[in-house]
1. Given the criteria small (Gly, Ala, Ser), in a loop (DSSP other than H, G, I, E, B) and in contact with a helix residue (DSSP H, G or I) (Cβ under 9 Å, 6 or more places away or on another chain), does Gly131 qualify?
2. Among Ala244, Ala248, Ala284, which is touching a helix residue (DSSP H, G or I) at 6+ places or on another chain (Cβ under 9 Å), modelled with pLDDT under 95 and either more than 15 Å from the ligand (Cβ to nearest atom) or not small (Gly, Ala, Ser) (or both)?
3. List pairs: first residue in region 171-189 and under 21 Å from Val328 (Cα atoms) and more than 13 Å from the ligand (Cβ to nearest atom), second residue among the aromatic types (Phe, Trp, Tyr) and at pLDDT 95 or above anywhere in the structure, Cβ distance under 7 angstrom, at least six positions apart or on different chains.
4. Just give me the residues in region 201-220 being over 18 Å from Phe160 (Cα atoms) and among the basic types (Lys, Arg), in sequence order.
5. For region 300-308, check the following and say yes or no: at least one residue is in contact with a Phe, Trp or Tyr (Cβ under 7 Å, 6 or more places away or on another chain) and of a type in the set (Gly, Ala, Ser).
6. Residues Met130, Met101: which one is loosely packed, with under 10 Cβ neighbours inside 10 Å and among the hydrophobic types (A, V, I, L, M, F, W, C)?
7. Scan region 193-209 residue by residue and report those that are away from the ligand (no atom under 12 Å from the Cβ) and modelled with pLDDT under 95.
8. Determine which member of the set Glu278, Glu293, Glu297, Glu263 is within 15 Å of the ligand (Cβ to nearest atom) and free of Cβ contacts under 8 Å to residues at least 40 places away in the same chain.
Amino acid sequence: MSEGIPNLAELERIVSEAQSRFSAASTIDELRSAKTAHLGESSEIALANRGIAALPREDRKDAGQAIGAARAAITAAFAAREAQVEVAEIEARLVSEAVDMTLPVTMHPVGALHPLTALFYDMCDVFIAMGWEVAEGPEAEAEWLNFDALNFTPEHPARFLSDTLFLDPIQDRRILRTHTSPVQMRTLLTRELPVYIVVPGKVYRADEYDATHLPVFHQLEGLAVDKGLGMADLKGTLDHLAKAMFGADTRTRLRPHYFPFTEPSAEIDIACFVCHGESVGNPARPCRTCRSEGWIEWGGCGVVNPRVLAAAGIDTDVYSGFAFGMGVDRTVMFRNNASDLRDFAEGDQRFARQLMGVAR
Ligand code: PHE
């Protein structure tokens, strides 16, 4: 062989150097740089291959065969080692990424809805299923929307400072809303007719703080205004709500009452679902839930006073409506068998856990 072309002994060395370099490589990266060195463009074997063309014609065949065989040996050595290193890398990764499923973990308690929030959701769902919408209004409300727009006279006793919490400065005539009914007027002034809305929310009155009264409590208001609505629609709607909340055999009754913004007005009672009326006139079996009266006061309701609709610019010859507002805190007390309203306000987690079965 002529100058620049390796002889057989040199080819053997070239092959064995490549083989030992490949077997020494233990990662894919190392193997790759070994490949460049021993099979790449400027490797000895590549140079030898390129040298063949310069040989005298009669030498080319032998040299070509020898160099080709050497190159094949190097390529095979590389492929064999590559397979080994890949398997080893996968195995190493499986070991390093293994998760020990038996390690103990720290359990964090998951939160839960406050019983009141959960009840609001349930009540609103009953109405959403009938196509009603949920509306809201501010807790700091204009006295006008809370009272005047709802047909309360200027001297109505509910406005007195002893019942209503006024916000400073008093000449702004802003109060903490005493009921969710101002959202009736807000809705009539902003939404297109017909209107079917429920309003969950907090209300405020200057009440004592005791087992059955909170100065902040919760109401669910409802308002429907459409063509031809009346008392029968109101009764049907409230019956449906009562059955959905307290069971299919729940009965309701309406008692005549007075509210300035409904006419006629009524209070709605639900038949006591604890004693089912059996405690009435039966001192041997008193009922704490209904105080042996057989009925539980639930809320106020009535046909919307046309004056309220007129104040919102609605044609009372065409449209009429009904409205209702119930206390929700007492409903939670009945539903969850809680005896002291103060528990709802004090945020003691043991109370919520007990009611909601919260995981620890
Ligand atoms: N807002 C009334 C209350 O707080 C309840 C009510 C609402 C009555 C809607 C009639 C219509 O007592």
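The values are calculated or read from the model by the stated rules, or taken from the named source; none is laboratory data. These numbers were taken from a predicted model, which means no experiment stands behind them. Methodologically, a virtual Cβ is constructed for each residue, glycine included, from the backbone with ideal geometry; neighbour enumeration extends over all protein chains shown.
1. Values: small (Gly, Ala, Ser): yes; in a loop (DSSP other than H, G, I, E, B): yes; in contact with a helix residue (DSSP H, G or I) (Cβ under 9 Å, 6 or more places away or on another chain): no.
Considered against the rule, which asks whether it is small (Gly, Ala, Ser), in a loop (DSSP other than H, G, I, E, B) and in contact with a helix residue (DSSP H, G or I) (Cβ under 9 Å, 6 or more places away or on another chain), Gly131 comes out as no.
2. Numbers: Ala248 fails: touching a helix residue (DSSP H, G or I) at 6+ places or on another chain (Cβ under 9 Å); Ala284 fails: touching a helix residue (DSSP H, G or I) at 6+ places or on another chain (Cβ under 9 Å).
None of the other options fit; the residue is Ala244.
3. Close Cβ pairs (under 7 Å, with a partner that is among the aromatic types (Phe, Trp, Tyr) and at pLDDT 95 or above) amount to Leu176/Tyr204.
4. The one that is over 18 Å from Phe160 (Cα atoms) and among the basic types (Lys, Arg): Lys202.
5. Keep residues of region 300-308 that are in contact with a Phe, Trp or Tyr (Cβ under 7 Å, 6 or more places away or on another chain), which gives 300-305, 308.
Keeping just the survivors that are of a type in the set (Gly, Ala, Ser) gives 300, 302.
Within region 300-308 (the criterion being in contact with a Phe, Trp or Tyr (Cβ under 7 Å, 6 or more places away or on another chain) and of a type in the set (Gly, Ala, Ser)), the answer is yes, since at least one residue qualifies.
6. Working: Met130 fails: loosely packed, with under 10 Cβ neighbours inside 10 Å.
Answer to the check: Met101.
7. Those that are away from the ligand (no atom under 12 Å from the Cβ) and modelled with pLDDT under 95: Ala206, Asp207, Glu208, Tyr209.
8. Details: Glu278 fails: within 15 Å of the ligand (Cβ to nearest atom); Glu293 fails: within 15 Å of the ligand (Cβ to nearest atom); Glu263 fails: free of Cβ contacts under 8 Å to residues at least 40 places away in the same chain.
Of the residues listed, the single one that is within 15 Å of the ligand (Cβ to nearest atom) and free of Cβ contacts under 8 Å to residues at least 40 places away in the same chain is Glu297.
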